[in-house]
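For reference, the structure discussed in these notes is given below.
The values are calculated or read from the model by the stated rules, or taken from the named source; none is laboratory data. All values reported here derive from a predicted model rather than from experimental measurement. Cβ placement follows ideal geometry from the backbone for every residue including glycine, while neighbour counts extend to all protein chains displayed.
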Amino acid sequence: MRKVFVLDTNVLLHNPAAITAFADNEVVLPIEVIEELDIFKKDNDEKGRNARAAIRALDELRERGRLGEGVPLENGGTLRIITCIDVQEPPPLVSHALAPQERDNKILMVAYALQQKGETVIFVSKDINARIKADALGIRSMDFERQKVDFDRLYTGWRENLVDPEFIDLLRSKKRLETKEQFFPNEFIILKSKEDQRQSALCKYKSEDKSFLPLRQDIYEVWGIKPRNKEQTIAFDLLLDDDVKLVTLVGKAGTGKTLLALAAGLKKTIDEHMYKRMLVSRPVIPIGRDIGYLPGTKEEKLVHWMHPIFDNLEYILAVRKRREDIEGLIDSDLLQLEALTYMRGRSIPNQFIVIDEAQNLTPHEIKTVISRAGSHTKMVLTGDPYQIDNPYLDASSNGLTYTVERMKGQPMFGHIMLTKNERSGLASLAAELL
């Protein structure tokens, strides 16, 4: 049976191509959605760009017919814009509880009116509260899940494998060992002896020649930072591997994601001169109530948002006992801090790029950021899917976890899930219990 999908505005603000994501069914946009897109189109952020993209797509569809009557889509479905509704008998909840002047409620009433006429209606929204109200009206509702992943089964980047004890000895002596088993490129394997699992070896799978490789020898201290567990050791191996162009570090607060990425970037940039500079950026999303506009130049504004980066850099420099300070690194053009907003449209070659707090980016924003990488550029995405400040994202729909699932299996991609908190006993307890 053909279904009718009524889209909320936030779906198009999240992904302007959403109108083509419902196969051969009918997609309905209430006129209030168009009005809200008109409001957002003036903004210079990602929502504004997506609003403009959605409006352009709708304008192109006008060539296929009248949008009010329905126009065909390339996937076999149709798109229709509804300008008015006729609800014959609104339920008590509608007449007494839902304010009719609210646009969100008008969008819901379009779905309700279509359902009254016998249509199989599904209301699609990124707004949890809107989905709750739809359910109260008896309307089936859903999140937009085209770019969702199963976070509970997210690729971890490593696994354990039981082998004969001779296999472990052979790997240690030969330094490279072919295998007939299949793993993801750059996946790490903990080989454990079948006879005594205390006998083990940590290695990396290289898909080019289908072999196991032991870890690098320069990963056990990087700019004074020593890995404290196997996951951090794996992270350093990926971060220092020039063949791996994209690395994702996912984990809760205190697992060392940002610290490891910055230490590796400083080593590759300053010590090995593999990259021209290290570029660090993070989404400008406040925690809690925003304090409003900040005075000063772009650099002075960025200082407030980059304090977590400065804290980690100061710690690394103190441990390393280097003469350089953060200002000196910036003045010498070895370190650059940039707002994500200003990365759009750029081509960034020969740089070690660290994108912190990437869990606050949408899949479309992540694609925009990664596509900025120029020749001989390495990009590192770090983030904690449990701490998302974007109201329309969760652990399964954010750009970071989406990237992990889509990129696994690519030879130039590496990933590790960090689970052990190494910041402090108090931080570990808070991450576990609060």
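Listed values, structure above:
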read-out: Segment 374-389, subset crowded, with 18+ Cβ neighbours inside 10 Å and not β-branched (Val, Ile, Thr), residue farthest from ARG153 (Cα to Cα); value: LYS378
read-out: Criterion violated by ILE348 - all others in (1) surrounded by fewer than 22 Cβ atoms within 10 Å (Cβ to Cβ); (2) out of contact with any Leu (no Cβ under 7 Å at 6 or more places or on another chain); (3) touching a residue at least 40 places away in the same chain (Cβ under 8 Å) satisfied; value: (2)
read-out: Spans of strands (runs of 3 or more DSSP E) in segment 239-342 with at least 3 residues within 30 Å of GLU405 (Cβ to Cβ), in contact with a helix residue (DSSP H, G or I) (Cβ under 9 Å, 6 or more places away or on another chain) and modelled with pLDDT of 85 or more; value: 246-251, 277-281
read-out: Qualifying residue in segment 131-153 (condition: modelled with pLDDT of 90 or more, of a type outside the set (S, T, N, Q), under 26 Å from SER211 (Cα atoms) and surrounded by 12 or more Cβ atoms within 10 Å (Cβ to Cβ)); value: no
read-out: All positions within segment 343-354 that are among the hydrophobic types (A, V, I, L, M, F, W, C) and modelled with pLDDT of 95 or more; value: PHE352, ILE353, VAL354
read-out: Hits in segment 200-216 (condition: of a type in the set (Gly, Ala, Ser) and more than 15 Å from LYS180 (Cβ to Cβ)); value: SER200, ALA201
read-out: Inter-residue pairs, beta-carbon under 6 Å, first small (Gly, Ala, Ser) and in segment 240-258, second in a loop (DSSP other than H, G, I, E, B), 6+ apart; value: ALA253/ASP384; GLY254/ASN421; GLY254/ARG423; GLY256/GLU422
read-out: Single condition PRO385 does not satisfy, out of (1) touching a strand residue (DSSP E or B) at 6+ places or on another chain (Cβ under 7 Å); (2) outside any loop (DSSP other than H, G, I, E, B); value: (2)
read-out: Residues (β-branched (Val, Ile, Thr) and in a helix (DSSP H, G or I)) located in segment 395-434; value: THR401, THR403, VAL404
read-out: Residue match in segment 241-254 (condition: among the basic types (Lys, Arg) and surrounded by fewer than 15 Cβ atoms within 10 Å (Cβ to Cβ)); value: no
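The rows are residues; the columns are (1) touching a Ser or Thr at 6+ places or on another chain (Cβ under 7 Å); (2) without any contact (Cβ under 8 Å) to a residue 40 or more places away in the chain; (3) assigned to a strand (DSSP E or B); (4) surrounded by fewer than 18 Cβ atoms within 10 Å (Cβ to Cβ).
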| position | (1), (2), (3), (4) |
| --- | --- |
| ASN10 | yes, no, no, no |
| LEU37 | yes, yes, no, no |
| ASP43 | no, yes, no, yes |
| ARG56 | no, yes, no, yes |
| LEU67 | no, yes, no, no |
